[in-house]
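Before any comments, here is the structure.
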Amino acid sequence: MDMHLAKRVEVIIESPLERRLTDAIEATGITGYTVMPVHGGSGRSGRWTRDGQISPGRGMVAVICVIRPDRLDALLEAAFDVVEPHIGVVSITDAHVLRAERF
Amino acid sequence: MGNIVSLAADNLISPIILAFVLGFVAALARSDLTIPEAFAKAMSIYLLFAIGFKGGAGVAAHGIDATLVGTLVAATALSFALPFIAFALLGALTKLPLLDRAAVAAHYGSISIVTFVAATSVLESEGIVAEGYMVAAAAVMEAPAILSALWLVARKGSKSGSVDSELYREILLNGSIVLLVGSFVIGTVTGEEGLASIAPFIVDPFQGVLCLFLLDMGLVAGRGLLGSRGDLGAGAIGFGMIMPLVGAAMGLLAALLVGLSTGGAALLITLSASASYIAVPAAMRVALPEARPSIYLTLSLGVTFPFNLAVGIPIYIAVAEAVIGSN
């Protein structure tokens, strides 16, 4: 099976920022991403959990993008503009994909 | 005074207050009791829809009177004005930085719809009728406070607090505002006939859902307090109990100027005394990311909400009865 190098970018960000982040990602020409709810965690602002929350201001989401390595810089620049002043984590890992033309 | 004590005593042993206390105590005792997020949101949608629909049906039944426009104008003005008072009071009582003070001020100019629902429930149990359009007053009070708080930040020369068109859209078309106004309009259009057709869903189970919802609020409030130990000083906690009374006094003044009934005045006072924890926190995370949720959410949900629920609402109703008279 042919495998191709890719980058997996995961941005954990406050849920009110989700739309802004995905708009910024799309503006770079990247149309593929996955948004996942984050159940809870802990950080510099203390512990939090999604349980029982009714305000959209208290949740976090993970936005995951798998892209060709040459698109990484554009994506990070766009994402960083949104994430920079906010609570969140940006991580990049090496990945392999099977159908390179889709990324 | 006797009336306040009697109302407070009745209120404190009502199922909704005891459900809140159960959640609060469970959280402080570090119980693993939780309400799933999706269920909590579903209950919140149910309560907003029910209260909006019933308010609209009330307007359809009793008609629109001259005080409607005055009430909406007064409610909007209160929401714009209260953050300035809250901001100044915080400056006097605490050493919180500018952005925290502005974010807290936004919460206290906006409203807590659950406090409003709880006050409506107490009024119903006391047989006091309020104007149906008070639901619309609640809706118009959600957003203006956010703009006042952001203006306060901009005036002080901070780089934070910029508002783009996307944020305006999110503030004005916040889900709770859309649902409240939308169900109010449906209730007004379909009237009592419409209400009767869905009463088994939105009237009969209402108190039970409110109990479960307040159980969840108790859990969230208790866990918020536990998680923010050390962030809130005595001055901030004092603010969380003084500001509702200041807001209540402003609400009473507005109710007198507009000419609301006892029930309507009690609700406008309650709205002015309450602090947001749904719409405003989301807006603050976008507009003032440096402001700390452990300050503004804990004050709003962990201090002011329980204060209003247990002590404030009986006081506000008794004051409305004393000043405007029982009707």
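General observations
- Among the residues making up the stretch B:184-197, a single one is among the β-branched types (Val, Ile, Thr), over 19 Å from B:VAL140 (Cβ atoms) and either touching a Leu at 6+ places or on another chain (Cβ under 6 Å) or buried (at least 17 other Cβ atoms within 10 Å of the Cβ) (or both): B:THR190.
- Residue in the stretch A:68-85 that is closer than 30 Å to B:MET43 by Cα and either away from chain B (no Cβ under 12 Å) or crowded, with 16+ Cβ neighbours inside 10 Å (or both) present: no
- Residue within the stretch B:236-247 that is closer than 16 Å to B:THR76 by Cα and away from every other protein chain (no Cβ under 14 Å) present: yes
- Any hit, the stretch B:302-322, residues being within 14 Å of another protein chain (Cβ to nearest Cβ) and crowded, with 24+ Cβ neighbours inside 10 Å: yes
- Each residue in the stretch B:45-77 was checked for being polar (S, T, N, Q) and surrounded by fewer than 22 Cβ atoms within 10 Å (Cβ to Cβ), and 2 of them qualify.
- On the stretch given as the stretch B:198-223, residues that are surrounded by fewer than 24 Cβ atoms within 10 Å (Cβ to Cβ) and among the small types (Gly, Ala, Ser) total 2.
- Selection within the stretch A:39-86 - closer than 26 Å to B:ILE113 by Cβ and among the β-branched types (Val, Ile, Thr): A:THR49, A:ILE54, A:VAL61
- Only one entry of B:LEU18, B:LEU78, B:LEU90 meets the criterion of being over 15 Å from B:ALA137 (Cα atoms) and at pLDDT 95 or above, and that entry is B:LEU90.
- Considering the conditions (1) over 24 Å from B:MET217 (Cα atoms); (2) buried (at least 23 other Cβ atoms within 10 Å of the Cβ); (3) within 14 Å of chain A (Cβ to nearest Cβ); (4) of a type outside the set (Gly, Ala, Ser), B:LEU260 is excluded by exactly one of them, (3).
- Test result for B:LEU297, in a helix (DSSP H, G or I), facing chain A (nearest Cβ under 9 Å) and more than 15 Å from B:GLY109 (Cβ to Cβ): yes
- Matching residues, the stretch A:1-50, being within 13 Å of chain B (Cβ to nearest Cβ), in a strand (DSSP E or B) and not charged (D, E, K, R): A:ILE13, A:PRO37, A:VAL38, A:GLY40, A:GLY41, A:SER42, A:GLY43, A:GLY46, A:TRP48, A:THR49
- Residue check, B:LEU147 within 14 Å of chain A (Cβ to nearest Cβ) and either out of contact with any His (no Cβ under 7 Å at 6 or more places or on another chain) or under 30 Å from B:PRO306 (Cβ atoms) (or both): no
- Output for the stretch A:20-55, where each listed residue is touching a strand residue (DSSP E or B) at 6+ places or on another chain (Cβ under 6 Å), polar (S, T, N, Q) and free of Cβ contacts under 8 Å to residues at least 12 places away in the same chain: A:THR49
- Residues in the stretch B:276-294 that are in a loop (DSSP other than H, G, I, E, B), touching a His at 6+ places or on another chain (Cβ under 9 Å) and facing chain A (nearest Cβ under 7 Å) were compared, and the one that is farthest from B:PHE307 (Cα to Cα) is B:PRO289.
The values are calculated or read from the model by the stated rules, or taken from the named source; none is laboratory data. Not measured: the values here are computed from a predicted model. Cβ sites come from the backbone with ideal geometry, for glycine too, and all protein chains shown count toward neighbours.
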